[in-house]
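Visitor: Would you mind keeping the following structure in view while I ask a few things?
The values are calculated or read from the model by the stated rules, or taken from the named source; none is laboratory data. Note that the structure is a prediction, hence the values are computed from the model and not measured. Cβ atoms come from the backbone with ideal geometry, glycine included; neighbour counts cover every protein chain shown.
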């Protein structure tokens, strides 16, 4: 325990390591929040602004006012109507700009008309198509209702049967009219994932993957400190009575605690300070981050055991983190497409990249109902960590006194 506490304090006092491992993920998450905080909102359809002539013809049209009100209310309305008394006033508002057109019912025939503003909102803007689809659906329902109501029922022989049929027609007509009072249903929304699709959350997953690899720096600094060619303390430890394992184990344990602590801080900052919605699976995400911290500590131990100067080792950590994050979608849509193409073309590379593994595990928790896929990725990270821990002793062998 004494060796663990010493290693923990010594590693924590390294200001450069602490700054990069703690401050960098927080700054990166803040940058993503500013840049992509409203990314999901930009994909939501905005209501189509238009004018509606609210006159007697409009109110006499069966179910028209109720239909327009229905598609103009709710959490995600389709229309944003501005009600006016006359067509002249509606045309003036359209001429002033800012509206797609105006809706009016013909005073003589009752036919519904959409007067479109052809000067603006052309090209790929779907606003006009939305209005046309809503009005077409209403017109179709109104025509069916009018046809059903037009034919009178003549009573003759078998009057009781005809009365029953007339009652059935009346009942169906009443149901149809009630349906017309509701908003037209063009499609039925089906959610294929456990949480609503989100584009902004992918960047925060990539940021956590980058943070995992930056946690390597704790193990690199701790293991490099044990080398006899780094300091007098390292030389004394090398010729001391303790085995190399007894020296390395507390150092690696302290590095693991610090790496996981920085990941927890980064996640809590994103989750509560920035308000990022990760799907409500906090404990599962913390478990995945724990597996990532183990893999990062193993990677840092292997890097720290390399016979390189300390400055070069820090550069190796930064390079590994930046290059690995390229294939975890950290640098935008181009990076995300590149990562997906590489995963399809060479799937064997994914388990070798802890940043990509963390990204995939967190994304699976957001999309899937089960923990199976994330658990499989955690097992892959554990295998990678064991392999890296097995390589580390090659650079940490005991050095004899006459070779110091």
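Visitor: Specify the residue that is nearest to residue 137 (Cα to Cα); the eligible residues are those in region 94-108 that are in contact with a strand residue (DSSP E or B) (Cβ under 8 Å, 6 or more places away or on another chain) and surrounded by fewer than 19 Cβ atoms within 10 Å (Cβ to Cβ).
Guide: As a first pass, look at region 94-108 and keep what is in contact with a strand residue (DSSP E or B) (Cβ under 8 Å, 6 or more places away or on another chain): 94, 98-106.
After this cut, where a residue has to be surrounded by fewer than 19 Cβ atoms within 10 Å (Cβ to Cβ) as well, the list is 98, 106.
Details: 98: 25, 106: 18 Å.
Result: 106.
Visitor: Here is a follow-up. Quick check on my filter: what residues within region 73-88 are touching a helix residue (DSSP H, G or I) at 6+ places or on another chain (Cβ under 6 Å) and farther than 14 Å from residue 127 by Cα?
Guide: Hit for region 73-88 is 84, nothing else.
Visitor: Out of the residues in region 1-54 that are crowded, with 17+ Cβ neighbours inside 10 Å and within 30 Å of residue 103 (Cα to Cα), state the one that is modelled with the lowest pLDDT.
Guide: Top of the filtered list is 48.
Visitor: Can we say residue 379 is out of contact with any strand residue (DSSP E or B) (no Cβ under 8 Å at 6 or more places or on another chain), in the same structural domain as residue 290 (by TED's automatic domain parsing), in a helix (DSSP H, G or I) and within 21 Å of residue 318 (Cβ to Cβ)? Walk me through how you get there before you give the answer.
Guide: On the way: out of contact with any strand residue (DSSP E or B) (no Cβ under 8 Å at 6 or more places or on another chain): yes; in the same structural domain as residue 290 (by TED's automatic domain parsing): yes; in a helix (DSSP H, G or I): yes; within 21 Å of residue 318 (Cβ to Cβ): no.
No.
Visitor: Also: Which numbered condition trips up residue 14, out of (1) under 28 Å from the mean Cα position of the chain (by Cα); (2) assigned by TED's automatic domain parsing to the domain that holds residue 267?
Guide: So the condition that residue 14 fails would be (1).
Visitor: Quick one: in region 355-379, of everything that is within 14 Å of the chain's Cα centre (by Cα) and free of Cβ contacts under 8 Å to residues at least 40 places away in the same chain, which residue is nearest to residue 212 (Cα to Cα)?
Guide: Per the stated criteria, the residue is 360.
Visitor: Still on this structure, I have one more. Regarding residue 338, is this residue without any contact (Cβ under 8 Å) to a residue 40 or more places away in the chain and either farther than 18 Å from residue 381 by Cβ or crowded, with 16+ Cβ neighbours inside 10 Å (or both)?
Guide: Yes.
Visitor: Going by the structure shown, is residue 118 closer than 30 Å to residue 313 by Cα, modelled with pLDDT under 85 and either surrounded by fewer than 19 Cβ atoms within 10 Å (Cβ to Cβ) or under 33 Å from the mean Cα position of the chain (by Cα) (or both)?
Guide: Working: closer than 30 Å to residue 313 by Cα: no; modelled with pLDDT under 85: yes; either surrounded by fewer than 19 Cβ atoms within 10 Å (Cβ to Cβ) or under 33 Å from the mean Cα position of the chain (by Cα) (or both): yes.
No, not satisfied.
Visitor: Taking the stated definitions as given, is residue 128 touching a strand residue (DSSP E or B) at 6+ places or on another chain (Cβ under 8 Å), modelled with pLDDT of 80 or more and surrounded by 13 or more Cβ atoms within 10 Å (Cβ to Cβ)? Give the steps one after another, and end with the answer.
Guide: Numbers: touching a strand residue (DSSP E or B) at 6+ places or on another chain (Cβ under 8 Å): yes; modelled with pLDDT of 80 or more: no; surrounded by 13 or more Cβ atoms within 10 Å (Cβ to Cβ): yes.
It is false that residue 128 is touching a strand residue (DSSP E or B) at 6+ places or on another chain (Cβ under 8 Å), modelled with pLDDT of 80 or more and surrounded by 13 or more Cβ atoms within 10 Å (Cβ to Cβ).
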